[in-house]
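The values are calculated or read from the model by the stated rules, or taken from the named source; none is laboratory data. This is a predicted model, so every value here is computed, not measured. As a convention, Cβ positions derive from the backbone with ideal geometry for all residues, glycine included, and neighbour counts pool all protein chains shown. The area values use the complete protein model at the heavy-atom level, side chains included, leaving out ligands, DNA and RNA. Shrake-Rupley method; radii C 1.70, N 1.55, O 1.52, S 1.80 Å.
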Amino acid sequence: MKIGILTSGGDCPGLNAVIRGAVLKGIAVHGQQFVGFRDGWRGVVEGDIVEIPRTMVRGIAKQGGTILGTSRTNPFENGGGPEVIKENMDRLGIDAIIAIGGEGTLAAAKRLTDAGLKIVGVPKTVDNDLDATDYTFGFDTAVEIATEAIDRLRTTGESHHRCMIAEVMGRHVGWIALHAGMASGAHAILIPEQKASMDQIAEWVVSARDRGRAPLVVVAEGFVPEGQESPHSERGLDTFGRPRLGGIAEMLAPELEARTGIETRATVLGHIQRGGVPTAFDRVLATRLGMAAIDSVVDNRWGTMVSLHGTDIVHVGFDAALGNLKSVPESRYEEAAVLFG
């Protein structure tokens, strides 16, 4: 069997470990052949592939990014669609596809599977927002990077007696903000799942200042202040029609400074959270998911993705990953809120 692998959507630490796990098990156990589609769905639509021999995946588990490249191409636009993709697969002798990506990638994979293509999925997102899996690889690395950056912001904030605001990724969920905020000892953590007024945020900041601390605020890019209807977005839409979020920290900083009288600086961590080498946890999880994806292919589990439930890898339908975000539960936020102010 000849299997095509693609990585689509935002890059993420651990992608190469998935590729390595799938290729090594596929070759060593099942004698399969592998090709990679360059730049995600673009390579699938255009039939742009590269052979993946065993030597190509040697030592790549520790590398960030993806050796195959990625893009946010919609496979149903710009000359794509099931018929074109099926024709390309037949011409290239590709029997099945392993699609590694987040909600947009898996939604496209479901549509293509419904049209008769043989696809299995591997969930990927630093945001940890896919409801069908307990954790996604890349999340642990993003939290580690964010925590280290916030620790550095704390020292400069303390030197100048400033309030420091760190904006982290997460789209419409607050997992990165919650974990990095708790780990770094933030005085306020602002996440999409919990409304907070500017008065409340200012109160937390002043409380920290009054105890001799340099206030530290961690905010998720999708946070919506009380009285505002939607997340701050100044970067338009992506190829799937979703708003590109970001900039909420820059909006909060002057408002907090005006309310508290404390000099306030904002830092948007941005794409550094997706770069660099994956943590050991993410390397192991990604490798296990890649190996499990091969089991899905061998068992003809088309239209399913591999998933972490507890400590076990299981197989679930694409539907389970779509439509329902895995939000931070109120109980988890209340744990952190005890430490605020």
Can you name the residue in the range 48-102 that is open to solvent by 30 Å² or more (accessible area, probe 1.4 Å) and of a type in the set (A, V, I, L, M, F, W, C) and is also nearest to the chain's Cα centre (by Cα) among such residues? 67
Conditions (1) in contact with a Lys or Arg (Cβ under 6 Å, 6 or more places away or on another chain); (2) among the small types (Gly, Ala, Ser); (3) open to solvent by 50 Å² or more (accessible area, probe 1.4 Å): number failed by residue 202: (3)
Condition met for residue 290 (open to solvent by less than 60 Å² (accessible area, probe 1.4 Å), small (Gly, Ala, Ser) and modelled with pLDDT under 95): no
Residues of the range 226-257 being in contact with a helix residue (DSSP H, G or I) (Cβ under 7 Å, 6 or more places away or on another chain) and at pLDDT 90 or above, in sequence order, are 255, 256
Is it the case that residue 311 is surrounded by fewer than 18 Cβ atoms within 10 Å (Cβ to Cβ), farther than 30 Å from residue 207 by Cα and modelled with pLDDT of 90 or more? yes
Residue that is nearest to residue 98 (Cα to Cα) [pool: residues in the range 40-69 that are assigned to a loop (DSSP other than H, G, I, E, B) and of a type in the set (Gly, Ala, Ser)]: 40
Evaluation of residue 261 against (1) surrounded by fewer than 21 Cβ atoms within 10 Å (Cβ to Cβ); (2) under 17 Å from the mean Cα position of the chain (by Cα); (3) of a type outside the set (Lys, Arg); (4) at pLDDT 95 or above (one fails), failing number: (2)
Expected output for the range 22-40 (first residue over 17 Å from residue 50 (Cα atoms), partner open to solvent by 40 Å² or more (accessible area, probe 1.4 Å) and at pLDDT 95 or above, Cβ below 7 Å, 6+ apart or cross-chain) is 25/291; 30/298
Would a scan of the range 269-283 turn up a residue that is over 17 Å from residue 173 (Cα atoms), open to solvent by 10 Å² or more (accessible area, probe 1.4 Å) and in contact with an Asp or Glu (Cβ under 7 Å, 6 or more places away or on another chain)? yes
Subset of the range 17-39 that is of a type in the set (A, V, I, L, M, F, W, C) and within 16 Å of residue 96 (Cα to Cα) - its residue that is most open to solvent (accessible area, probe 1.4 Å): 27
Within the range 1-55, of all residues that are in contact with a strand residue (DSSP E or B) (Cβ under 8 Å, 6 or more places away or on another chain) and of a type in the set (S, T, N, Q), the one farthest from residue 291 (Cα to Cα) is 8
In the range 140-176, how many are out of contact with any helix residue (DSSP H, G or I) (no Cβ under 6 Å at 6 or more places or on another chain) and open to solvent by 10 Å² or more (accessible area, probe 1.4 Å)? 16
